[in-house]
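To start, the structure under review is shown below, and the notes come after it.
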Amino acid sequence: MREIYLDALVPFDDKRLGGVPSSTDFLELIDEDCNVYRPDGSLAVAFRKKGLKAAANIQPNSKEFEYWRWACKSLLSDQRGNAAGSEITTNVEIRLTEGQKVFFSKAVKGLVTDLEEARAIVAADTRVSRTTYFVGKVEADGLVDLDEIEKWDSLVRKKSTPFELKQAAILNRNAAKLVWFDNWLVREWAPSEDRKATAIAGKARYVTKQPRGQKVFSAVLGTITRSGRTPFARLTSPTMERYDDFASFAPFYKEVDSLTKDLFPREWGILRNRYKDIADTRYSLFDTVFSSITCNYNFPTCWHYDGQNAKDAVAALVCMDRGSYNGVDFVMPQLGLGFHMRHGDILIGDNQGFVHGQTPFVPLSEDAENLVLVFYSRDAIVTLDDLECEACRRSFMEWVTTNHPERGTGEPKWNGSFLGMWCSPEWEEYKKLQKMERCSNTNIKGQPDVTPNA
């Protein structure tokens, strides 16, 4: 087995995050069993060709391969951030441009004086951004011509529309949608006596706070922890949709766990000790040190760091594929190395400490498919109640919207969330109704919830 000891790391400019890796970003492409060591002598990456037998033995046309293909394609996600790339080409019709974002950032401070200046700011950067606008509000306020949009959209929806005509219809439909911003500038902002206040109101009404990146086939199996939008943990939708299939691969998960223990005993031991008292072993992929698997289909990631992994942990990447293709080599530019990952290969290493990405996918046959499974751990699983209690939290939110509307925000789509909800009388009432008094009163961080201003 080859061993590489690095004398120094290669500098990487974080301004390149979201960019596309290429063969110029590494000095050597590794296609053999290899350990790579940092300048301090610690192991950074372990790469094993056909090293995961449970994956290497899966045949391309088998039901096992079909399951992982399905899992990887079960979600067309727009939440992969830099990994999906900084250049946005999907759903451009619901997004702001970077220039429009600059306009709002200046206009809400009263730093834009007239329509000519506003248009110049917008025209200076026409790149599509991750920020979206509220389509329904734009339509309700009459800022677009709905008949014009429907004229083109009807052609887009028709399966019989010729390809060239459909592409032209998409461009015309998108243009009809995106005219809303200039209409708002001309009709509301420019004539206003208080343009600063109008900009503040316009931004609040039309600009969303939920960024949406480039769409890619990328789904998560295993556990999703609590968040502000969903203050309850759960097993992901694709996990539950085919749970028996998911569970049948427990030996697969345990082999990844075993290799991690053998190659990175210190990091494995830290995670094992950290997770030994979790409330539900279903959070740990059948008693491994991993909580989740991100499954990518024909999706070579752009430059990024793995930001949600557990502290002091490592991640494991497994490749399965079929057909013939070039690219999707796993590149770690700070190491100056690329890894030629193919069916059954496994790479374990520090994916949050080192930036990484994959070269573009270039299919050479009609059946070419590349599946990459990323095993990782979420520290937040130690803060959770068991799955039954987390499900109780979820159903409580639905219950409170019907039984305690006075707790609501006044918004039509209020989801049942309110400040101090997990120490509220309503939560105690609901737990008693469900005979789930054992469920905790903790917030999304796993700390005791508190009543506001208490």
Notebook entry, point to check: Any idea which of (1) under 32 Å from the mean Cα position of the chain (by Cα); (2) polar (S, T, N, Q); (3) over 30 Å from A84 (Cα atoms) is the one S160 doesn't satisfy?
Noted result: (1)
Note to self: Any residue that is touching a Gly at 6+ places or on another chain (Cβ under 9 Å), among the charged types (D, E, K, R) and touching a residue at least 60 places away in the same chain (Cβ under 8 Å) - is there at least one of those in region 54-77?
What the structure shows: no
Note to self: Going through E98, E117, E28, E32 one at a time, which residue ends up being out of contact with any strand residue (DSSP E or B) (no Cβ under 8 Å at 6 or more places or on another chain) and charged (D, E, K, R)?
What the structure shows: E117
Next item on the list: Mind listing just one residue for me: the one in region 374-426 that is of a type in the set (S, T, Y) and out of contact with any Asp or Glu (no Cβ under 7 Å at 6 or more places or on another chain) and, of those, surrounded by the fewest Cβ atoms within 10 Å (Cβ to Cβ)?
Entry: T402
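Given the residues S192, S258, which is the only one that is over 26 Å from the mean Cα position of the chain (by Cα) and not assigned by TED's automatic domain parsing to the domain that holds T301? Reasoning before the result, please.
Working: S258 fails: not assigned by TED's automatic domain parsing to the domain that holds T301.
Answer to the check: S192.
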Check: What number of residues within region 12-29 satisfy the criterion of being more than 24 Å from G213 (Cα to Cα) and surrounded by fewer than 18 Cβ atoms within 10 Å (Cβ to Cβ)?
Finding: 5
Checklist line | Identity of the residue in region 12-53, assigned to a loop (DSSP other than H, G, I, E, B) and free of Cβ contacts under 8 Å to residues at least 60 places away in the same chain, that ends up nearest to the chain's Cα centre (by Cα) | finding: D13
Check: Can you name the condition, by its number, that R226 falls short on among (1) buried (at least 20 other Cβ atoms within 10 Å of the Cβ); (2) in contact with a strand residue (DSSP E or B) (Cβ under 8 Å, 6 or more places away or on another chain); (3) charged (D, E, K, R)?
Finding: (2)
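Go through region 50-63 and give me each residue that's of a type outside the set (G, A, S) and either on the phi > 0 side of the Ramachandran plot or buried (at least 18 other Cβ atoms within 10 Å of the Cβ) (or both). Steps first, please.
First pass over region 50-63, keeping only residues of a type outside the set (G, A, S): 50, 52-53, 57-61, 63.
Listed by number, the residues that qualify are K50, L52, I58.
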Check: Mind checking which pairs have a first residue in region 384-396 that is free of Cβ contacts under 8 Å to residues at least 12 places away in the same chain and a second that is polar (S, T, N, Q) and not in a helix (DSSP H, G or I), Cβ under 6 Å, 6 or more apart or different chains?
Finding: none
Item checked: Subset of region 237-259 (residues that are in a loop (DSSP other than H, G, I, E, B) and either surrounded by fewer than 19 Cβ atoms within 10 Å (Cβ to Cβ) or among the charged types (D, E, K, R) (or both)) -> R242
Check: Where residues in region 424-454 are of a type in the set (S, T, N, Q) and in a loop (DSSP other than H, G, I, E, B), which of them is modelled with the lowest pLDDT?
Finding: N453
Next item on the list: Restricting attention to region 276-297, report how many residues are in contact (Cβ under 8 Å) with a residue 60 or more places away in the chain and assigned to a helix (DSSP H, G or I).
Entry: 3
Notebook entry, point to check: Only one of (1) surrounded by fewer than 16 Cβ atoms within 10 Å (Cβ to Cβ); (2) modelled with pLDDT of 95 or more; (3) of a type outside the set (D, E, K, R) is not met by S218, so which one is it?
Noted result: (1)
Notebook entry, point to check: N273 versus (1) assigned to a helix (DSSP H, G or I); (2) buried (at least 18 other Cβ atoms within 10 Å of the Cβ): which is the lone unmet condition?
Noted result: (2)
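The values are calculated or read from the model by the stated rules, or taken from the named source; none is laboratory data. Remember, predicted model here, so these are calculated numbers, not experimental data. Positions of Cβ are backbone-derived with ideal geometry, glycine not excepted, and every protein chain shown enters the neighbour counts.
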